[in-house]
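Before we start, here is the structure in question, set down as structure tokens.
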Amino acid sequence: MGSDSRAKAQVEPPVPVAARSFSGRLIALVAVLIAVAVLLAPSVNNYLHQRADIASLKADIAAQQQQQKDLQTEISRWNDPAYVKQQARDRVNMMMPGETGYWVYGGGSTPAAPQQAGTSVNPESLPWVDGLWQSIVRSATE
């Protein structure tokens, strides 16, 4: 009998079990994934907004660093005595001792800058207030 049962077990193939196409585990997995997505969505949104803020701040920092470089260049220019002298001549119409400045009016829409030598207009014939106002206007536009 013992050999009979062994022969039957070897002869009969196992019966296949039908696979389930829809299981409770699949539903639980989908529910967990949806819950994780819902819980992480605000965090991901905050992360993306913070990354955009960081990029904006980096651009602002770069612009301010460029402005700082420009201002440093301007400071170094003002440390040069020749630049200061030229700005005094152009903006405030200052002259070096011994130089004669001349104002020329009527050539164009704006008065010309003072000349070292050349054409002349009698500055005493103009009211001093007009000359002062013109120098203020010229220093503000240049």
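The values are calculated or read from the model by the stated rules, or taken from the named source; none is laboratory data. None of the values given here were measured: they were computed from a predicted structure. No Cβ is skipped: glycine too gets one built from the backbone with ideal geometry, and neighbour counts run over all protein chains shown. Just the protein is used for accessible areas: all its heavy atoms, side chains included, with ligands, DNA and RNA removed. Shrake-Rupley method; radii C 1.70, N 1.55, O 1.52, S 1.80 Å.
Restricted to region 82-103, and to residues that are under 16 Å from VAL137 (Cβ atoms) and not acidic (Asp, Glu), which residue is farthest from the chain's Cα centre (by Cα)?
Out of the qualifying residues, it is TRP103.
Looking at this structure, is SER109 among the polar types (S, T, N, Q), part of a helix (DSSP H, G or I) and at pLDDT below 95?
No; evaluated as a whole, the condition is false for this residue.
Can you give me the number of residues within region 57-80 that are open to solvent by less than 70 Å² (accessible area, probe 1.4 Å) and over 30 Å from ARG91 (Cα atoms)?
Total satisfying the criteria: 2.
If you don't mind, there's one more thing I want to ask. Which one of the conditions (1) open to solvent by 90 Å² or more (accessible area, probe 1.4 Å); (2) more than 29 Å from ASP130 (Cα to Cα) does LYS85 fail to meet, given that it meets all the rest?
If we test LYS85 against (1) open to solvent by 90 Å² or more (accessible area, probe 1.4 Å); (2) more than 29 Å from ASP130 (Cα to Cα), just (2) comes out false.
Here's something else I'd like to know. Output yes when any residue across region 30-48 is open to solvent by less than 100 Å² (accessible area, probe 1.4 Å) and at positive phi, and no when none is.
no
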